[in-house]
Amino acid sequence: MEHQQTQGSAPIIRPITIFDTTLRDGEQAPGATLTPAQKIVIARQLAKLGVDVIEPGFPISSPGDFAAVQQISRELQTVEICGFARAVKADIDAAVKATQDAGRRRLHMFLSSSSIHLDFQLKKSREQVVALAREMVAYGRQFVDEFEFSPMDATRTGDEFLFEVIEAVIEEGATMINIPDTVGYALPEEYGAMFTRVMKNVRGSDRVRFSAHCHNDLGLAVANSLAAIKAGVSQVEVTINGVGERAGNCSLEELVMALETRKSAMGAETGVKPEHIFATSQMVSRAMSFPIAFNKPIVGRNAFQHEAGIHQDGLLKNRNTYEIMDPEALGIPRSMIILGKHSGRHAIKHRVSELGVELEGEQMESFYAAFKKMADRQKVVHDHQLLELVGAAVNQVLEPFALKSVQVVTGDAGHRVASCTVRDEAAGQEQVFIGTGEGPVEAVVAGIKQALPFEAEFSDLELYSLSSGEEASGEAIVTVLAHGQSYRGVSAQRDIIMAAAHAFMAACNQAARDWKQQENVQATGTADGTPHVEITIP
Ligand code: KIV
Ligand code: ZN
């Protein structure tokens with residue numbers, strides 16, 4: 001079946017339903033458990049992201065899951081909510097009850113179909129499985145109009161029995177047939193061809209819709225889902241960040257952006273709003289305490305970062321030279337050129353000028369030599385280090401504040417206390433500030449904040465281990481909100497508290513520089529404080 005039909009020369013683009021199972025299958029990832037309150041917050045974000053269906057949990061599995069599904073059903077009236085159930089009456093009853101108040105709802109029931117599952121897990125014959133599937137679909141169908149059936153481990157089932165089960169549940173009134181690659185075993189062409197055969201051979205297949213559900217054990221979940229779309233499915237089941245059992249599920253952001261970026265080749269599109277992808281990914285990662293791999297497509301920290309000199313050079317001339325998507329359209333902060341030993345002169349000069357300094361001649365040469373030395377010693381040269389090097393080259397201090405020293409008293413009881421010496425470079429004054437907090441980072445932040453002439457909210461801390469063994473050095477990335485903007489500072493140190501302190505200071509310095517520039521623009525019309533001169537051309 002060819003699905004990329006054309007009308008004149010424009011390809012026909014089919015809508016694909018995005019069924020998000022982050023809160024059910026995704027939550028089955030080891031260690032990723034969510035509280036009901038977290039589920040509700042994430043479900044709101046999924047609705048904002050524009051998914052079509054949310055599967056918020058497994059109502060029979062716990063009172064908490066039941067309550068979360070119930071509240072999400074009550075609150076998110078514009079999204080279809082799906083209750084999940086085994087082929088067991090009590091499961092169906094719980095799923096039906098939990099989704100009772102949804103604006104639109106669906107029941108999703110699964111039952112294994114492969115011989116290995118039947119023989120070792122269900123201990124049922126094929127006849128018994130077909131009979132049970134029929135009975136439970138008929139039972140559930142009394143309560144809901146939309147009934148999704150999943151033959152679990154379908155890709156290891158074999159056509160004959162798979163067709164038989166699907167035909168039986170369609171006869172009993174199933175409206176959506178989801179064919180899962182439960183163990184991530186299928187190859188893309190096999191998975192696509194399986195749908196084609198089912199659609200062609202199963203009686204009643206023209207009365208139902210088909211859905212793909214892929215696991216990522218061989219890293220093929222997205223490729224398999226795309227193959228299923230090519231074969232004609234109208235729904236794909238996905239999770240944010242690809243979280244899920246073992247190697248996870250098909251990643252929402254990867255699938256959606258593949259369709260978005262290659263829309264005419266795929267002849268399909270989704271209603272997901274890309275601008276909310278990054279925030280959703282961050283929220284899920286934090287709530288599940290599930291870090292995102294640096295090189296994860298779309299949402300990984302390196303996904304839009306470029307280090308090679310030749311790439312940076314191309315990018316500065318035209319972003320399309322090395323980028324196929326616009327990170328800002330995904331809600332990802334820009335400025336992703338990473339300065340290190342592979343960076344070329346052009347990119348370094350460009351970043352320095354973005355920081356407000358133009359270097360030429362002698363100054364550029366001495367700065368460049370110092371940069372190369374530093375880049376040889378460490379992986380990445382961060383902005384605050386760049387400003388130190390530039391400052392040395394032009395004989396000026398460019399950072400508004402310098403964190404001169406930090407002492408923290410920490411332990412396992414009572415408040416932590418930090419004493420922070422901060423130098424205000426413009427005023428030429430150094431002062432000691434004392435901060436307290438429940439933890440050492442909180443205490444340091446409370447101390448540094450007192451040095452700032454503006455409100456700075458410490459909104460996020462990412463910590464990465466950079467070493468093995470006792471050295472225990474770490475990198476801290478701190479996000480600060482100030483003047484309605486967000487700023488990120490980075491620092492790597494042997495002591496992770498110091499890394500967090502310096503990263504916080506670096507982010508606050510960016511905010512202070514921005515603030516100063518805005519003040520200058522208001523006062524003089526120019527960013528550096530020199531009076532603005534109107535030039536009139538006669
Ligand atoms: O992977 C799977 O088979 C599932 C089904 C129960 C849909 O998650
Ligand atoms: Zn699954």
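The values are calculated or read from the model by the stated rules, or taken from the named source; none is laboratory data. Just so it is clear, the structure is predicted and the values come from calculations on it, not from any experiment. Cβ sites come from the backbone with ideal geometry, for glycine too, and all protein chains shown count toward neighbours. Keep in mind that these areas ignore ligands, DNA and RNA; they rest on the heavy atoms of the full protein, side chains included. Shrake-Rupley method; radii C 1.70, N 1.55, O 1.52, S 1.80 Å.
Got at least one residue in the stretch 91-101 being open to solvent by less than 60 Å² (accessible area, probe 1.4 Å), in a loop (DSSP other than H, G, I, E, B) and of a type in the set (Gly, Ala, Ser)? Break it down into steps so the answer makes sense when it comes.
Narrowing the stretch 91-101 to residues open to solvent by less than 60 Å² (accessible area, probe 1.4 Å): 91-92, 94-96, 98-99.
From what is left, the residues that are in a loop (DSSP other than H, G, I, E, B) are 99.
When the remaining residues are screened for being of a type in the set (Gly, Ala, Ser), the result is none.
There is no residue in the stretch 91-101 that is open to solvent by less than 60 Å² (accessible area, probe 1.4 Å), in a loop (DSSP other than H, G, I, E, B) and of a type in the set (Gly, Ala, Ser).
Can you pull out the residues in the stretch 455-479 that are open to solvent by 20 Å² or more (accessible area, probe 1.4 Å) and assigned to a loop (DSSP other than H, G, I, E, B)?
455, 466, 467, 468, 469, 470, 471, 472
Restricting to the stretch 164-190, name every residue that is out of contact with any Lys or Arg (no Cβ under 8 Å at 6 or more places or on another chain), hydrophobic (A, V, I, L, M, F, W, C) and within 24 Å of residue 92 (Cα to Cα).
Listed by number, the residues that qualify are 165, 166, 179.
Might you let me know whether the stretch 73-86 holds any residue that is under 24 Å from residue 279 (Cα atoms), hydrophobic (A, V, I, L, M, F, W, C), part of a helix (DSSP H, G or I) and touching a residue at least 40 places away in the same chain (Cβ under 8 Å)?
No, the stretch 73-86 has no match at all.
Can you tell me which residue within the stretch 138-167, out of those that are among the small types (Gly, Ala, Ser) and buried (at least 19 other Cβ atoms within 10 Å of the Cβ), is nearest to residue 25 (Cα to Cα)? Lay out the reasoning, then the answer.
The initial filter retains those residues of the stretch 138-167 that are among the small types (Gly, Ala, Ser), namely 138, 140, 150, 154, 158.
Retained after the next criterion (residues that are buried (at least 19 other Cβ atoms within 10 Å of the Cβ)): 140, 150, 154.
Numbers: 140: 21, 150: 13, 154: 17 Å.
Top of the filtered list is 150.
Tell me yes or no: at least one residue of the stretch 198-214 is modelled with pLDDT of 95 or more, open to solvent by less than 10 Å² (accessible area, probe 1.4 Å), under 19 Å from the mean Cα position of the chain (by Cα) and within 15 Å of ligand 1 (Cβ to nearest atom).
Yes, the stretch 198-214 contains at least one residue that is modelled with pLDDT of 95 or more, open to solvent by less than 10 Å² (accessible area, probe 1.4 Å), under 19 Å from the mean Cα position of the chain (by Cα) and within 15 Å of ligand 1 (Cβ to nearest atom).
Please go through the stretch 259-312 and pick out each residue that is hydrophobic (A, V, I, L, M, F, W, C) and not in a helix (DSSP H, G or I).
Of the stretch 259-312, the ones hydrophobic (A, V, I, L, M, F, W, C) are 259, 265-266, 268, 272, 277-279, 283-284, 287-288, 290, 292-294, 298-299, 303-304, 308, 310.
Across the stretch 259-312, the qualifying residues are 268, 272, 290, 292, 293, 294, 298, 299, 303, 304, 308.
I need the full set of residues from the stretch 87-130 which are in contact (Cβ under 8 Å) with a residue 12 or more places away in the chain, of a type in the set (Lys, Arg) and away from ligand 1 (no atom under 16 Å from the Cβ), in order please.
89, 97, 104, 105, 126
Which condition number in (1) open to solvent by 10 Å² or more (accessible area, probe 1.4 Å); (2) in contact with a Gly (Cβ under 8 Å, 6 or more places away or on another chain); (3) assigned by TED's automatic domain parsing to the domain that holds residue 21 is the one that residue 269 fails?
All conditions are met except number (2).
Could you tell me which of the residues 220, 259 is closer than 22 Å to residue 152 by Cβ and in contact with a Leu (Cβ under 9 Å, 6 or more places away or on another chain)? First the steps, then the outcome.
Numbers: 259 fails: closer than 22 Å to residue 152 by Cβ.
That would be 220, the only listed residue that is closer than 22 Å to residue 152 by Cβ and in contact with a Leu (Cβ under 9 Å, 6 or more places away or on another chain).
Report, by residue number, each residue of the stretch 127-179 that is within 16 Å of ligand 2 (Cβ to nearest atom) and either more than 25 Å from residue 250 (Cβ to Cβ) or in contact with a Pro (Cβ under 7 Å, 6 or more places away or on another chain) (or both).
As a first pass, look at the stretch 127-179 and keep what is within 16 Å of ligand 2 (Cβ to nearest atom): 148-157, 176-179.
Across the stretch 127-179, the qualifying residues are 150, 152, 154, 157, 179.
Residue pairs, Cβ under 7 Å, 6 or more apart or interchain, first in the stretch 438-449 and over 20 Å from residue 423 (Cα atoms), second assigned to a helix (DSSP H, G or I). List them.
These pairs meet every condition: 440/497.
Please identify the pairs in which a residue from the stretch 245-256 that is away from ligand 2 (no atom under 11 Å from the Cβ) has its Cβ atom under 6 Å from the Cβ atom of a residue that is part of a loop (DSSP other than H, G, I, E, B) and not basic (Lys, Arg), counting only partners at least 6 apart or on another chain.
Partner pairs satisfying both residue conditions: 247/216; 247/217; 253/298; 253/299; 254/297; 254/298; 256/270; 256/272.
Can you list residue pairs whose Cβ atoms sit under 9 Å apart, with the first residue in the stretch 145-170 being within 19 Å of residue 186 (Cα to Cα) and modelled with pLDDT of 95 or more and the second being hydrophobic (A, V, I, L, M, F, W, C) and open to solvent by 50 Å² or more (accessible area, probe 1.4 Å)? Count only pairs 6 or more apart in sequence or on different chains.
Matching pairs, first to second residue: 153/116; 156/116.
Can you name the residue in the stretch 14-41 that is outside any helix (DSSP H, G or I) and among the acidic types (Asp, Glu) and is also nearest to ligand 2 (Cβ to nearest atom) among such residues? Break it down into steps so the answer makes sense when it comes.
Start the filter on the stretch 14-41 by keeping residues that are outside any helix (DSSP H, G or I), which leaves 14-25, 29-35.
Right, trim to among the acidic types (Asp, Glu) and you get 20, 25.
Details: 20: 13, 25: 4 Å.
Ranking the candidates gives 25 first.
Quick one: is residue 353 surrounded by fewer than 16 Cβ atoms within 10 Å (Cβ to Cβ) and in the same structural domain as residue 486 (by TED's automatic domain parsing)?
Working: surrounded by fewer than 16 Cβ atoms within 10 Å (Cβ to Cβ): yes; in the same structural domain as residue 486 (by TED's automatic domain parsing): no.
Against the criterion (surrounded by fewer than 16 Cβ atoms within 10 Å (Cβ to Cβ) and in the same structural domain as residue 486 (by TED's automatic domain parsing)), residue 353 does not qualify.
Name the single residue that is farthest from residue 455 (Cα to Cα) among those in the stretch 488-501 being out of contact with any helix residue (DSSP H, G or I) (no Cβ under 7 Å at 6 or more places or on another chain) and open to solvent by 60 Å² or more (accessible area, probe 1.4 Å). Even if it seems obvious, please write down each step before you answer.
To start, the set of residues in the stretch 488-501 that are out of contact with any helix residue (DSSP H, G or I) (no Cβ under 7 Å at 6 or more places or on another chain) comprises 494-496, 498-499.
Applying the additional criterion that residues be open to solvent by 60 Å² or more (accessible area, probe 1.4 Å) yields 494-496.
On the way: 494: 29, 495: 26, 496: 24 Å.
Result: 494.
Give me a count of the residues in the stretch 46-74 that are surrounded by fewer than 18 Cβ atoms within 10 Å (Cβ to Cβ) and more than 24 Å from the chain's Cα centre (by Cα).
Residues that pass the stated criteria total 6.
Hey, does the stretch 33-45 have a residue that's buried (at least 24 other Cβ atoms within 10 Å of the Cβ), hydrophobic (A, V, I, L, M, F, W, C) and more than 17 Å from the chain's Cα centre (by Cα)? Explain how you work it out, then say what you get.
Start the filter on the stretch 33-45 by keeping residues that are buried (at least 24 other Cβ atoms within 10 Å of the Cβ), which leaves 39, 42-43.
Now restrict to residues that are hydrophobic (A, V, I, L, M, F, W, C): 42-43.
The next check asks that each one be more than 17 Å from the chain's Cα centre (by Cα); those that pass are none.
Among the residues of the stretch 33-45, not one is buried (at least 24 other Cβ atoms within 10 Å of the Cβ), hydrophobic (A, V, I, L, M, F, W, C) and more than 17 Å from the chain's Cα centre (by Cα), which makes the answer no.
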